[in-house]
Amino acid sequence: MAGFTLLRGLLLVVGGLMVVAGFATLTVASAFGVGTGLWLVFGGGVLMIVAVLERTRYRSEAAERANDPPGPGGGETQGVVEPRFRPTDEVFVDPTTDRRMRVLLDARTGERRYVAET
């Protein structure tokens, strides 16, 4: 998870620098500078939005907020999932990690969790 946090921070810094450079270019804009300045502001803004909105695959919002480490296959950490979640028959192979993932379900709310099978 530290790698994801570092990457998010790096994207925020680079995006912020691009936005600042874009506005600086726009203040001294020539015909060439306007397009470059707008591109830098737009590109930097997109990087910053991606850094804020990016989420790890197959993770619950609670795990993201608590900054729990991802489990194998990018799902929930094994042994940490609340007891209200019960295993289902639904299983799939994560195409990125080739890990077999089991779907857990809270039957009362319909909320799902994903845990790599060992």
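A short reminder: the numbers here are calculations on the coordinates, not readings from a lab. Computed from a predicted model, the values in this text were never measured in an experiment. Because the Cβ atoms are built from the backbone with ideal geometry, glycine has one as well, and the counts that use them run over all protein chains shown.
Tell me the angle of helix 31-53 to the major Cα principal axis of the chain, expressed in degrees between 0 and 90 and rounded to the nearest ten.
Once rounded, one gets 20 degrees.
For a quick check of your reading of the filter: which GluC sites (Glu not before Pro) in the range 1-102 sit in a DSSP loop and have no more than 15 other Cβ atoms within 10 Å?
54
Go through the range 60-67 residue by residue and turn each phi into a ³J(HN,Hα) via Karplus (6.51, -1.76, 1.60, θ = phi - 60°); whole Hz please, and just put x for glycine and proline.
Ordered by residue, 3J(HN,Hα) equals 6, 5, 5, 5, 5, 5, 7, 6 Hz.
Take the Cα gyration tensor of the chain, multiply each eigenvalue by 5, square-root it, and list the three semi-axes largest first, rounded to whole angstrom.
Numbers: eigenvalues 352, 32, 30 Å².
One finds semi-axes of 42, 13, 12 Å for the chain.
Where in the range 36-54 does the label zone of residue 29 land, with the point 7 angstrom along Cα→C-beta and an amide N cut-off under 13 Å?
Once the point is set 7 Å along Cα→Cβ of residue 29, 36-42 turn out to lie under 13 Å by backbone N, inside the range 36-54.
Considering all projection directions equally, how large on average is the shadow of the alpha-carbon convex hull of the range 50-117, in square nanometres? Could you put the intermediate results ahead of the total?
Values: hull surface 19.7 nm².
Directional mean of the projected Cα hull area for the range 50-117 stands at 4.9 nm².
Using amide H atoms built 1.01 Å from N in the peptide plane, name the residues 5+ places from residue 116, or on other chains, whose amide H lies under 5 Å from its own.
When sequence neighbours closer than 5 places are left aside, the close amide H contacts are 75, 76, 102.
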